[in-house]
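**Student:** One structure, as structure tokens, below. Some questions next.
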Amino acid sequence: MRAAVYHKGGALAVEENFPIPKRGEKELLVKVAACSVNPVDVKLRKANLPAAVFPYPKVTCSDGSGAVIDAPPKSKFKPGDLIYWMGSPLAKYGSAANITTVPEENAEFVQHTDIISAAALPLVVNTAWQALEKSMPLAGKNILIQAGSGGVGTAAIQIAAAHGAHVTTTASQANFELCKSLGAERVVDYKAERFEDSAPP
């Protein structure tokens, strides 16, 4: 199968005949539709970790989406189901391949979005949720989200707004409308003013 792979030293290359993985007992075998690249994927590739602790050659990218090929007997998933997942950055088989394996507990059905967009959700949404859940319930609270037009920021704005928070965010002026469309009530131009000076009463 085709896969984007790197060896010790970090050089990334597309290999045309990389071995197809075998599904583990608690894993799904998946035909990949899309994958997304997160900073952790790049950092791991450049870290040049010892071969004794890292599974070289490594298929890059952790987050992805696709269709189930095979699943454990009692799985809630079945062949043909469309799913998205957050894989382990330390697994040998990442998502930048025709086929990969995914821990069943890390996968969810694709809902309310398309299969390609779903691949961009797992890590950023999980990060945003973990940051916000410490302050829940959010209804009626003033919440500041920095870098509102970034990956985590766009997810955090939507989560906070959906839970009834009054969201202030920072962004460049070019991204004001994007942030407002996601649910931000106030957007601070971080290039022109300090967010500390424009906090809501």
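**Student:** Which pairs break 18 Å Cα to Cα here: Lys31/Lys78; Lys134/Lys191; Lys134/Lys180; Lys26/Lys74?
**Tutor:** Lys134/Lys191; Lys134/Lys180
**Student:** Ratio of Rg to Rh for segment 60-136, alpha carbon only, Kirkwood?
**Tutor:** Values: Rg = 13.0 Å, Rh = 13.1 Å.
Rounded to two decimals, Rg/Rh equals 0.99.
**Student:** So how strong a dipole does segment 1-84 carry about its Cα centre when Lys and Arg Cβ are +1 and Asp and Glu Cβ are -1, to the nearest 20 debye?
**Tutor:** Rounded to the nearest 20 debye, it is 160 debye.
**Student:** How high is the relative contact order of segment 1-107, in percent, counting Cα pairs under 8 Å that sit 6 or more residues apart?
**Tutor:** RCO, segment 1-107: 35 percent.
**Student:** A follow-up question, please. Near Pro72, within a Cβ-to-Cβ distance under 15 Å, what is the net charge of the other residues, with Lys and Arg +1 and Asp and Glu -1?
**Tutor:** 0
**Student:** With all protein chains present, how much of the accessible area of the chain (probe radius 1.4 Å) comes from carbon and sulfur, to the nearest whole percent?
**Tutor:** Details: 6160 of 11040 Å².
Answer for the chain is 56 percent, counting heavy atoms of protein chains only.
**Student:** Quick check for me: using +1 on Lys/Arg Cβ and -1 on Asp/Glu Cβ, what's the dipole size of segment 93-201 about its Cα centre, in debye to the nearest 20?
**Tutor:** Working: 6 positive and 11 negative charges, 50 e Å.
Dipole of segment 93-201, to the nearest 20 debye: 240 debye.
**Student:** Follow-up question, since we're still on this one. (1) 152; (2) 109; (3) 144: which one is volume of the Cα convex hull per residue in Å³ as calculated from this entry?
**Tutor:** Answer by label: (1).
**Student:** If you keep only loop residues by DSSP, which GluC sites (Glu not before Pro) in segment 139-201 have at most 16 other Cβ atoms within 10 Å of their Cβ?
**Tutor:** Those satisfying the criteria are Glu185, Glu193.
**Student:** Ok, one more. Magnitude of the Cβ-charge dipole of the chain, K/R +1 and D/E -1, about the Cα centre, nearest 20 debye? Don't skip to the answer; put the middle values down first.
**Tutor:** Working: 20 positive and 19 negative charges, 110 e Å.
Dipole size: approximately 520 debye.
**Student:** What aspartates and glutamates could a cross-link reach from Lys58, if we take a straight Cα to Cα line under 19 Å and drop same-chain neighbours fewer than 8 places away?
**Tutor:** Here the aspartates and glutamates satisfying the reach criterion relative to Lys58 are Glu15, Glu16, Glu27, Asp41.
**Student:** Non-local amide H neighbours of Ile145 (under 5 Å, H modeled in plane, Pro and chain starts lacking H): which ones?
**Tutor:** Under 5 Å from the amide H of Ile145 lie the amide H atoms of Thr168, Thr169, Thr170, each far enough along the sequence or on another chain.
**Student:** Roughly what % of Cα-Cα distances in segment 1-113 sit above 25 Å, to the whole percent? Don't jump to the answer; show the numbers that get you there.
**Tutor:** Values: 1157 of 6328 pairs.
In whole percent, the share of Cα-Cα pairs in segment 1-113 beyond 25 Å is 18.
**Student:** Just need the relative contact order of segment 81-201 here, percent rounded to a whole number, with Cα pairs under 8 Å and 6+ apart.
**Tutor:** This gives 17 percent for segment 81-201.
**Student:** Report, to one decimal in Å, the Kirkwood hydrodynamic radius for segment 86-201 based on all distinct Cα pairs. List each step's numbers first, then the result.
**Tutor:** Values: mean 1/r = 0.0637 Å⁻¹.
Here the Kirkwood hydrodynamic radius works out to 15.7 Å.
**Student:** Per residue, how much accessible area does the chain show when a 1.4 Å probe rolls over the protein heavy atoms, in square angstrom?
**Tutor:** Value returned for the chain: 55 Å² of accessible area per residue.
**Student:** Output the direction-averaged projected area (hull surface divided by four) of the convex hull of the alpha-carbon atoms of segment 1-54, in nm².
**Tutor:** Mean orientational projected area (segment 1-54, Cα hull): 4.8 nm².
The values are calculated or read from the model by the stated rules, or taken from the named source; none is laboratory data. Predicted model, so just to flag it, every value in this text is computed and none were measured. Please note: Cβ atoms are built from the backbone with ideal geometry, for glycine as well, and neighbour counts cover all protein chains shown. Accessible surface areas use protein heavy atoms only, side chains included; no ligands, DNA or RNA. Shrake-Rupley method; radii C 1.70, N 1.55, O 1.52, S 1.80 Å.
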